[in-house]
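Below is one structure; the comments refer to it alone.
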Amino acid sequence: MIGKAPPAENAEVALRDLRLATLGAPARADPDIILILVTPGSRAAANPKAPLDRAFLARLVAAVDAGAPRAIGFDVLLDRPTSPQADQALRAALLGARAPLVAARTGPALDPDAVEARLLAGVASGAAELSAGPLDDVVRDSRRRDALGAYTFAAALAAAAGR
C-alpha cells in the first residue's frame, strides 16, 4: 500500500497520477475492438465454478465475430480441460473467427502439454503481462513485449486491429 513507502516516493506516485488524470487527454476506446474477458462479477453471474463452459465461450466468440469487429481480444484463463467436445468447439471458434482474434496467455512461453497450449495452438496470442506499481499494486502501464521479445496481449491486439 502507498503508506508503507517513504513519503517522497508516495508523493511522487500521487503527483504523477494527478498529472495524468488532469493534464493527459483520455484515450478513447475503439468501439470496433471487442474484449471477451471474465470478471469476478461475470463469473458469478454465469457459473461460479471453474472452468467456464467452453461451449458457451465458443458461442460467445461466434456471436461477437458475427458483428464484424475490427479485432477480438479473448482474455479467459484456460488452465483446465472440460469435455473434449466443448474444448474442440472453443478451439474451432477461436481458429475460425473472421475478425483478427488475439488470445491472452499466461506467460511468454507455454508448456506444450498444458491445456492452454493445446487450445491456443495456431491462435494469435500474447502474454497477459501488466506491471503493477510496487507501492500500491495499481497498474499504470503495460509492456509491449514479453520476456522473449514477442508482443504482449495488449500490443498484439492493437497490432491485429491495425493500431
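The values are calculated or read from the model by the stated rules, or taken from the named source; none is laboratory data. From a predicted model like this one, the values you see are computed outputs, not experimental measurements. In this analysis, Cβ positions are derived from the backbone assuming ideal geometry, glycine residues included, and neighbour counts consider all displayed protein chains.
Cβ contacts < 6 Å: first residue over 13 Å from GLY96 (Cα atoms), restricted to segment 40-69; second residue part of a helix (DSSP H, G or I) and modelled with pLDDT of 80 or more, any location; separation 6+ or different chain. Result?
That search, which allows pairs on different chains as well, returns ARG54/ALA86; ARG54/ASP87; ARG54/LEU90; ALA55/ALA86; ALA55/ALA89; LEU57/LEU90.
For the condition of a type outside the set (Ser, Thr, Tyr) and modelled with pLDDT under 85, what is the one hit in ASP65, ASP87, ASP137, ASP75? First the steps, then the outcome.
On the way: ASP65 fails: modelled with pLDDT under 85; ASP87 fails: modelled with pLDDT under 85; ASP75 fails: modelled with pLDDT under 85.
Selected residue: ASP137, the only one of ASP65, ASP87, ASP137, ASP75 that is of a type outside the set (Ser, Thr, Tyr) and modelled with pLDDT under 85.
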